[in-house]
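Quick notes on the structure that follows.
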Amino acid sequence: MKNVFIDHKKHADFSWENLGDIKEGRGDLGEDMPVLIYRLMQYTMLAEMSKDMGEEKANDYFRRAGLLAGQEFARNCLDLKLALNDFMAALQTKLKELKICIFRLEEHDEDTGDIVVTAAQDLDCSGIPVTNETVCFYDEGFISGIFYAYTGKEYEVKEVDCWANGNRVCRFKGGPVKLSSKL
Ligand SMILES: [Zn+2]
């Protein structure tokens, strides 16, 4: 008989290695696929989760998944020991190379650690219908995860501009979670 507990635990412990050797596995088809298919998976998952738990909670799960993804991405694809400027340059290069977005650190307050970053031509929302809302919850988590992995501090990140609210780039504001706001 199947042990449900073990199966559950297996998927709760994410490991980068379990993403597999895509190059080896996909032979002629290779490592890339259209953004349409990424969006199809993302928005159908969001639709099904929203039906079950409501939009707010479903968005929150996307944010949490993004947080985990951002941490793992930073640990596995970037050098966390680089100085901030070099790290940002490496991050920008990697995000472009992987066709995730055109990333820019717009503002950084050295004293507080607060940041403003932009993501243009991003995977999640560029070109979607304008609905006067922000929709990049996964990216909010993803950016938090990268900054958490790099600084060791929990980051709270909010999207303020999005293709879906009529802008051409997504803009995110964030900063380390203040102790007082955690109490
Ligand atoms: Zn957006």
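What's the number of the condition Asp32 fails, among (1) outside any loop (DSSP other than H, G, I, E, B); (2) open to solvent by 90 Å² or more (accessible area, probe 1.4 Å)?
(1)
Which one is farthest from Leu19 (Cα to Cα), of the residues in region 57-106 that are in contact with a Phe, Trp or Tyr (Cβ under 7 Å, 6 or more places away or on another chain) and among the aromatic types (Phe, Trp, Tyr)?
In this case the residue turns out to be Phe87.
Residues checked against (1) touching a Leu at 6+ places or on another chain (Cβ under 9 Å); (2) within 11 Å of the ligand (Cβ to nearest atom); (3) open to solvent by 30 Å² or more (accessible area, probe 1.4 Å):
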{"residue": "Leu105", "(1), (2), (3)": "yes, no, yes"}
{"residue": "Thr118", "(1), (2), (3)": "yes, yes, no"}
{"residue": "Pro129", "(1), (2), (3)": "no, no, yes"}
{"residue": "Ala149", "(1), (2), (3)": "yes, no, no"}
{"residue": "Cys170", "(1), (2), (3)": "no, yes, no"}
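Restricting the first residue to region 157-176 and requiring it to be under 21 Å from Asp111 (Cα atoms), which pairs with a second residue that is part of a helix (DSSP H, G or I) and more than 8 Å from the ligand (Cβ to nearest atom) meet a Cβ separation below 6 Å and a spacing of at least six or different chains?
Within 6 Å, the pairs are Val157/Glu140; Val157/Ile143; Val157/Ser144; Phe172/Ile143.
Across region 155-164, which residue is nearest to Val130 (Cα to Cα) among those that are more than 8 Å from the ligand (Cβ to nearest atom) and open to solvent by less than 50 Å² (accessible area, probe 1.4 Å)?
Val157
Can you tell which of Ala119, Ala164 is small (Gly, Ala, Ser), out of contact with any helix residue (DSSP H, G or I) (no Cβ under 7 Å at 6 or more places or on another chain) and either at pLDDT 95 or above or within 29 Å of Leu46 (Cα to Cα) (or both)?
Result of the check over Ala119, Ala164: Ala164.
The values are calculated or read from the model by the stated rules, or taken from the named source; none is laboratory data. Owing to the predicted nature of the structure, the values given are computational and were not obtained by experimental measurement. No Cβ is skipped: glycine too gets one built from the backbone with ideal geometry, and neighbour counts run over all protein chains shown. The area values use the complete protein model at the heavy-atom level, side chains included, leaving out ligands, DNA and RNA. Shrake-Rupley method; radii C 1.70, N 1.55, O 1.52, S 1.80 Å.
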